[in-house]
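Below is one structure, written out as structure tokens; the observations come after it.
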Amino acid sequence: MGFKRAVRRKFAQLMAASIAVASVGACSAGTVAETSPAPARQAAKQPNILFILVDDMGYADLSLTGNRLVRTPNIDALARDGMVMTRFYDAAPICSPSRAGFMTGQFPAEQRFVTYISDRQRNRRFGQADWLDPAIPVLPRTLKKEGYTTGHFGKWHLGGGRDVADAPLPSAYGIDESYTQFEGLGPRLLPSDLGGNLAQQSAALGKGPIEWAPRAAVTARYVDKTLDFIRRSKDGPWFAQLWLDDVHTPWAPSAQQLAAVKGKGRNEREDRFLAVLVAMDAEIGRLVNGMRQAGELDETLIVFTSDNGPTVGKGTPGSAAPYRGRKASLYEGGIRQPLIVRWPGHVKAGSRDTTTVAQAVDLFPTLARIAGAQPPPEGDGIDIGRAWQGRPIADRPDFYTHIARPAREARFGPLYSIRSGPWKLLANRDGSGAELYNLETDPGERNDLYAKERAVAARLGSQLRSWVASLPAPGPAVGH
């Protein structure tokens, strides 16, 4: 791990030197922040930041990226007004570790985030932490120190829920206002018509005021809360996380939402999926219009992506085309997403970056520098700000990914991977099941080159083993 950290720090120093002039807010803001109160800084140069994260949305679920069954005009408009990065990767192919990667800028397995947070017994079985350690540097707290008012609205899934009642509240991570759901504590909105008992378990935990609404109305409430937060925070820079879970099962559209897409899917189940997708897009349109009316839209950097690939299951709606795999898989379809960035005056409208390979851990250092902060040295990500300014990044440090799964789910592929230049090696903890792909020539991962490219396989295998050996010990179900 020490060697990897040293390589990454050297790379970061070289990158910082090459983009010092162009990086917005990076000039002297870091030095000023160390000696002056944040509100006295050059606030006019700090953009508002809105981070929209969709749950379980596949690469090709947007009309922008290939959906021909329905249109997503409002999300498409974000791309039309900004940039689409086509080589963006999540930190993990499942909820909790993916979100931890965005929050911390570190590969989540290094913090015992390897699967979704569940009840304590399952967490122990997989070596999964019950919650994200609030002592770790996180993006919201970093921005708060730079004078940002911070808010989180929507899914949390970083601790709190099921039988975990003592998880830290979102405020422990530097979040001024939060309004989440049954996978978090503090003020929250629970679905009144959700199957199972997750909402009821959450209500029994207490730890914050609780409201109830039909699942079909939940996103509208989160958008209302976000707009209210924005309007009340206009006097200074603000940072808001809007993490939506419409596309995550169960799909429970209202009768009106379903009628809008009736018959567009191949079956009734797909109609329900399309209905919640279209309804979510409409709410994002309402959010954008509300920001425009508040005079905040053109002062805001908007980042939009998904936390992992589409829901698994035979015949399940949602598409990762043209990539192999879905949620819970380290194949491209489980972790590869479009990243949309809208920032008027800084990101060219209608642009596409098909060169830069970026990962979720890059958002922390990138947004921190834009806000005038110095990212923590222990991070795994790099500043990709120059790519947003139209200068693609051709080289980057290798990155690692891990997912813990029951052994019966081996059909989803190996549990660990390394991405190095055009190469991607996947393997299990003991080195079994290794597969090697050249993603430049084979992005669909159809041609396993492990037996042919022995030198590449040996080099990447050695690096991956070193990283795996540095991780906390896995649970009994994840070491095959």
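The values are calculated or read from the model by the stated rules, or taken from the named source; none is laboratory data. Just so we're clear, the structure is a prediction, and the values are computed from it rather than from any experiment. So basically every Cβ, Gly included, is an ideal-geometry build from the backbone, and we count neighbours across all protein chains shown.
Going by what's in this entry, would PRO375 be described as under 20 Å from ASN48 (Cα atoms), at pLDDT below 95 and outside any helix (DSSP H, G or I)? So that I can check it myself, show each step before the final result.
Working: under 20 Å from ASN48 (Cα atoms): yes; at pLDDT below 95: yes; outside any helix (DSSP H, G or I): yes.
Spelling it out, PRO375 is indeed under 20 Å from ASN48 (Cα atoms), at pLDDT below 95 and outside any helix (DSSP H, G or I).
When the residues of segment 252-263 are narrowed to those that are in contact (Cβ under 8 Å) with a residue 40 or more places away in the chain and within 21 Å of LEU194 (Cα to Cα), which ends up surrounded by the most Cβ atoms within 10 Å (Cβ to Cβ)?
First pass over segment 252-263, keeping only residues in contact (Cβ under 8 Å) with a residue 40 or more places away in the chain: 252, 254, 257, 261.
Among the residues that remain, those that are also within 21 Å of LEU194 (Cα to Cα) are: 252, 254, 257.
Working: ALA252: 19, SER254: 15, GLN257: 21.
Per the stated criteria, the residue is GLN257.
Take ARG188 and decide whether it is of a type in the set (Lys, Arg), in the same structural domain as GLN241 (by TED's automatic domain parsing) and in contact with a helix residue (DSSP H, G or I) (Cβ under 6 Å, 6 or more places away or on another chain). Steps first, answer last, please.
Values: of a type in the set (Lys, Arg): yes; in the same structural domain as GLN241 (by TED's automatic domain parsing): yes; in contact with a helix residue (DSSP H, G or I) (Cβ under 6 Å, 6 or more places away or on another chain): no.
So ARG188 does not fit the description; no.
Go through (1) crowded, with 24+ Cβ neighbours inside 10 Å; (2) at positive phi one by one and return the number of the condition GLY334 breaks.
Against the list (1) crowded, with 24+ Cβ neighbours inside 10 Å; (2) at positive phi, GLY334 comes up short only on (2).
Just checking, does segment 279-292 include any residue being assigned to a helix (DSSP H, G or I), under 24 Å from ARG71 (Cα atoms) and without any contact (Cβ under 8 Å) to a residue 12 or more places away in the chain? Steps first, answer last, please.
Here is the first cut: in segment 279-292, the ones assigned to a helix (DSSP H, G or I) are 279-292.
Now narrow it down to the ones that are under 24 Å from ARG71 (Cα atoms): 279-292.
Then drop every residue that is not without any contact (Cβ under 8 Å) to a residue 12 or more places away in the chain, which leaves 289, 292.
Taking every residue of segment 279-292 in turn, at least one turns out to be assigned to a helix (DSSP H, G or I), under 24 Å from ARG71 (Cα atoms) and without any contact (Cβ under 8 Å) to a residue 12 or more places away in the chain.
Touching a residue at least 24 places away in the same chain (Cβ under 8 Å), touching a Lys or Arg at 6+ places or on another chain (Cβ under 7 Å), on the phi < 0 side of the Ramachandran plot and assigned by TED's automatic domain parsing to the domain that holds GLY333 - does that describe any residue in segment 101-110?
The answer is no, given that none of the residues of segment 101-110 is touching a residue at least 24 places away in the same chain (Cβ under 8 Å), touching a Lys or Arg at 6+ places or on another chain (Cβ under 7 Å), on the phi < 0 side of the Ramachandran plot and assigned by TED's automatic domain parsing to the domain that holds GLY333.
Restricting the search to segment 293-340, which residues are in a strand (DSSP E or B) and either under 15 Å from VAL247 (Cα atoms) or not assigned by TED's automatic domain parsing to the domain that holds MET85 (or both)? Step through it out loud before you land on a result.
Going through segment 293-340, the residues in a strand (DSSP E or B) turn out to be 300-306, 336-340.
If the condition is that a residue be in a strand (DSSP E or B) and either under 15 Å from VAL247 (Cα atoms) or not assigned by TED's automatic domain parsing to the domain that holds MET85 (or both), then PHE304, THR305, SER306, GLN337 are the ones that fit.
Specify which of the listed residues (SER178, SER171) is hydroxyl-bearing (Ser, Thr, Tyr), out of contact with any helix residue (DSSP H, G or I) (no Cβ under 7 Å at 6 or more places or on another chain) and modelled with pLDDT of 95 or more. I'd like the intermediate steps shown before the answer.
Working: SER178 fails: out of contact with any helix residue (DSSP H, G or I) (no Cβ under 7 Å at 6 or more places or on another chain).
When all the criteria are applied, what remains is SER171.
Based on what the data block shows, is VAL312 closer than 21 Å to TYR116 by Cα and in contact with a Lys or Arg (Cβ under 7 Å, 6 or more places away or on another chain)? Break it down stepwise before answering.
Details: closer than 21 Å to TYR116 by Cα: yes; in contact with a Lys or Arg (Cβ under 7 Å, 6 or more places away or on another chain): yes.
When the stated conditions are applied, VAL312 passes them.
Per-residue answers, yes or no, for (1) surrounded by 21 or more Cβ atoms within 10 Å (Cβ to Cβ); (2) closer than 28 Å to SER171 by Cα; (3) within 21 Å of the chain's Cα centre (by Cα):
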| position | (1), (2), (3) |
| --- | --- |
| ASP246 | yes, yes, yes |
| GLY265 | no, no, no |
| GLU268 | no, no, no |
| ARG286 | no, yes, no |
| LEU297 | no, yes, no |
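Quick check on my filter: what residues within segment 71-110 are in contact with a strand residue (DSSP E or B) (Cβ under 8 Å, 6 or more places away or on another chain) and under 18 Å from LYS348 (Cβ atoms)?
LEU78, ALA79, ASP81, GLY82, MET83, VAL84, MET85, THR86, ARG87, PHE88
Pick from segment 299-328 the residues that are surrounded by 21 or more Cβ atoms within 10 Å (Cβ to Cβ) and among the aliphatic types (A, V, I, L, M): which of them is nearest to GLU268 (Cα to Cα)?
Applying the filter and picking the extreme gives ALA320.
Mind listing whichever residues of segment 136-168 are at positive phi and surrounded by fewer than 24 Cβ atoms within 10 Å (Cβ to Cβ)? Full working, then the answer.
Going through segment 136-168, the residues at positive phi turn out to be 147, 154, 157, 159-162.
Passing the criteria: GLY147, ARG162.
Return the residues of segment 257-273 that are within 22 Å of LYS314 (Cβ to Cβ) and outside any loop (DSSP other than H, G, I, E, B); say none if nothing qualifies.
GLU268, ARG269, GLU270, ASP271, ARG272, PHE273
Taking segment 111-131, which residues are in a loop (DSSP other than H, G, I, E, B) and either in contact (Cβ under 8 Å) with a residue 60 or more places away in the chain or touching a strand residue (DSSP E or B) at 6+ places or on another chain (Cβ under 6 Å) (or both)? Explain how you work it out, then say what you get.
Of segment 111-131, the ones in a loop (DSSP other than H, G, I, E, B) are 112-119, 127-130.
Across segment 111-131, the qualifying residues are ARG112, VAL114, THR115, ILE117, GLY127, GLN128, ASP130.
Can you name the strands (runs of 3 or more DSSP E) wholly within segment 399-480 that have at least 2 residues being free of Cβ contacts under 8 Å to residues at least 24 places away in the same chain, surrounded by 15 or more Cβ atoms within 10 Å (Cβ to Cβ) and not hydroxyl-bearing (Ser, Thr, Tyr)? Give the derivation first.
Working: elements: 399-402, 416-420, 423-427, 435-438.
By residue number, 435-438.
Residue under question is ILE370, and the condition is that it be aliphatic (A, V, I, L, M), under 26 Å from ARG221 (Cα atoms) and assigned by TED's automatic domain parsing to the domain that holds ILE136; does it hold?
Numbers: aliphatic (A, V, I, L, M): yes; under 26 Å from ARG221 (Cα atoms): no; assigned by TED's automatic domain parsing to the domain that holds ILE136: yes.
The answer is no for ILE370.
Out of the residues in segment 415-452 meeting the condition of being within 12 Å of PHE399 (Cα to Cα) and of a type in the set (D, E, K, R), tell me which one is farthest from the chain's Cα centre (by Cα).
Among those residues, the one meeting the criterion is LYS424.
Could you please let me know if ARG369 is modelled with pLDDT of 95 or more, touching a Lys or Arg at 6+ places or on another chain (Cβ under 9 Å) and not hydrophobic (A, V, I, L, M, F, W, C)?
Working: modelled with pLDDT of 95 or more: yes; touching a Lys or Arg at 6+ places or on another chain (Cβ under 9 Å): no; not hydrophobic (A, V, I, L, M, F, W, C): yes.
In short, no.
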